[in-house]
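The values are calculated or read from the model by the stated rules, or taken from the named source; none is laboratory data. Just so it is clear, the model here is predicted, and its values are computed rather than measured. Cβ atoms come from the backbone with ideal geometry, glycine included; neighbour counts cover every protein chain shown. Calculation scope for accessible area: heavy atoms of the full protein, side chains included, ligands and nucleic acids excluded. Shrake-Rupley method; radii C 1.70, N 1.55, O 1.52, S 1.80 Å.
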Amino acid sequence: MISAASDTIAAQATAFGTAALAVIRTSGPEAIDITSRLAAHPERVLSASGYSMVHTYLVEPDGSTLDEVVLAVYRAPQSYTGEDMVEVFCHGSVPGVQRLLAALYGAGMRPADPGEFTMRAFVAGKLDLTRAEAVHEVVTSQTGAAHARALDRLEGSVYRRISAAKDRLVAIMANLAVQIDYPEEDTGEVPIPIETIVEARNDVDALVATYRVGRLYDQGATIALAGRTNAGKSSLYNVFLKQERAIVSPEPGTTRDYIESTLELEGVPVRLVDTAGLRDTREAIESEGIERTRRLIRHADLVLYLVDGRGGLDPGEDLPDIDPQRLIRVWTKSDDPRCAPPPEGYLAVSSVTAQGFAELVTAIGERLVPEADRAVTTVIDSLRQKQLLERASSALGEVLTGVDRGVPVDAISLDVQDAIHALGEITGEVTSADILDAVFGTFCLGK
Ligand code: GDP
C-alpha cells in the first residue's frame, strides 16, 4: 500500500535560467507553516484561505531580504497534490531562486524528486496513472499536434477507453464467479458472452495500434536526404529550414556526424538530416561519411532520394534497397530548362522556385501519418501502456481459445482476471512502488 507522504517538498517548477519570473512549488503538511516562517508577515500566510494570493517579502532568519514574492496558497485537499501547497512566484534570477530554495530547505523542506508532485497527486487519488503520464507528455510535447493529443489524454480519453473495457470484463467476471461458487446452479452453458470479449479485445487492439502514431508525434521521425553528390540535397535542406518551423530541441547536445535540424512537418517533429553524397570513392574520410549515410538510410523513418532532373540516374546508380513505404523519390532542379519531365513515381521539386515543395511536404506527412490515422485523437504514447494492453489482449485471446476448446470455467476466469489486472495496472488501480518509481522517475523536477 502506498501511503501519503509526511514530509514537505520544494522544487523550482519553471525552467532553470534567467526570466522575468520563476515559480517554486512546495507541497506537504508543513508547506504553509514553513513558508510563513520566511515571510515578513507570517500571520498573513498562516491565515490565508485556500486559493488565495499573498504579496510579501521573504527574509532570511538573519533578517536579510530574499525576494519580493507572491504566494499562491492552497489548502488540502483542494490542490494539485491534494496536500497543503504554496507556490512562490519570485523573480526569475538564477542565484535568487537558489537562495530562496536553500532557505526553504533550511527551514525544514526537502528537495522534491522528479515527478514527486504528480506522484503525490496520484497517491491522493487526484488523477489516475494515464493522466499522470499525460502531465509529463503535455509538458514535453514538441508540436501542436502532440500537445493536443497529450491534452486529450490528460482530460481522460485513454482512461475512459480502458475503464470501459475493464468494466465489461469485471461484469463478466462477476458472472463467472457465481458459476464457480455455485456449480450446482450450472445450466450446462458457459456464461461467457463471446461477443463482449471480442469487442473488448478489439477495443484494446485498436488502442495498441495507435501507439505508432502516438510515438511519432512524441518522439518524432528521422528523415534523410540522400542521393548522389550534386543531386541538390543541401539546396533542398535549406528550403526546408527556411519554409518550415524549426523546433528548438529540448534534448541535450550530442555529437553529430551530419548536418541536421529539427523541424515540424505536418505536426510531427522531424529530425532532417542532410547526408554525404553517395558515390564510389577511395578517399578515407569521404568513404566513412558514405558508410554512415548508408547506415542512416537503413534506419531512417523516411528517405528522400534525390535524383538530378537534368541528367536522371547516373550509370550504375541504384535507388536504396529499402521498403518502398520508407522511400520518396525526388526529381530535383525542375526550374532548370535542361530538366527532363519527372519519370513515373518521382516528385519534381525546385529548390530555387520552391515549385513542388508543398506537394513534397504533403507526401511526407501522408507517409508519416496516413490520413486515416490523423482523425484518431485518442492515441497512446507510453510503452508501459502499450505493453500492458498487449498483455490484456493476449489474455483475452486465451479466453476465446479456452471457450472454443471447452476449458473449465475456473481456468477461463483466470485469463479474464489477468486481462482485468493488466488494464488496472495501466490506470494505476493495481500498482506497486516499483511501477510508480518507473513512471515518475522520467518526469522533470517540479512536476
Ligand atoms: P548536393 O551535393 O546534393 O548537396 O547538391 P547541392 O544542393 O549542393 O546542389 C548542387 C548544385 O545544383 C549547386 O550548384 C546548386 O546550386 C544546384 N541546384 C541545387 N538545387 C537546384 C534547383 O532546384 N535548381 C537549380 N537550377 N539548381 C539547383
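Counting only residues that are modelled with pLDDT under 75, give me the helices (runs of 4 or more DSSP H) lying completely in the stretch 178-262 with at least 1 of them.
Answer list for the stretch 178-262: none.
Quick one: in the stretch 351-405, of everything that is in a helix (DSSP H, G or I) and within 16 Å of the ligand (Cβ to nearest atom), which residue is most open to solvent (accessible area, probe 1.4 Å)? Residue satisfying both the conditions and the ranking: Glu359. Evaluating Ser79 against the criteria (1) in a loop (DSSP other than H, G, I, E, B); (2) surrounded by 17 or more Cβ atoms within 10 Å (Cβ to Cβ); (3) of a type outside the set (A, V, I, L, M); (4) out of contact with any Gly (no Cβ under 8 Å at 6 or more places or on another chain) leaves one unmet condition, (4). The set of residues from the stretch 319-350 being assigned to a loop (DSSP other than H, G, I, E, B), of a type in the set (A, V, I, L, M, F, W, C) and either within 13 Å of the ligand (Cβ to nearest atom) or more than 35 Å from the chain's Cα centre (by Cα) (or both) comprises Cys339, Ala340, Val349. The residue that is nearest to the chain's Cα centre (by Cα), among those in the stretch 305-318 that are within 15 Å of the ligand (Cβ to nearest atom) and open to solvent by 30 Å² or more (accessible area, probe 1.4 Å), is Asp308. Right, Val439: within 32 Å of the chain's Cα centre (by Cα) and in a helix (DSSP H, G or I) or not? It is true that Val439 is within 32 Å of the chain's Cα centre (by Cα) and in a helix (DSSP H, G or I). Scanning the stretch 58-75 for residues that are under 15 Å from Ala107 (Cβ atoms) and either in contact (Cβ under 8 Å) with a residue 40 or more places away in the chain or open to solvent by 70 Å² or more (accessible area, probe 1.4 Å) (or both) returns Leu58, Glu60, Pro61, Asp62.
Here Val45 does not qualify as open to solvent by 10 Å² or more (accessible area, probe 1.4 Å) and either closer than 21 Å to Lys447 by Cβ or of a type in the set (A, V, I, L, M, F, W, C) (or both). The residue that is nearest to the chain's Cα centre (by Cα), counting only those in the stretch 406-434 that are open to solvent by less than 10 Å² (accessible area, probe 1.4 Å) and more than 24 Å from Ala132 (Cβ to Cβ), is Val416. Within the stretch 86-119, restricting attention to residues that are under 22 Å from Ser52 (Cα atoms) and under 27 Å from the mean Cα position of the chain (by Cα), the residue that is most open to solvent (accessible area, probe 1.4 Å) is Glu87. How many of the residues in the stretch 196-248 are within 16 Å of the ligand (Cβ to nearest atom), open to solvent by 30 Å² or more (accessible area, probe 1.4 Å), within 22 Å of Glu264 (Cα to Cα) and among the charged types (D, E, K, R)? Count: 1.
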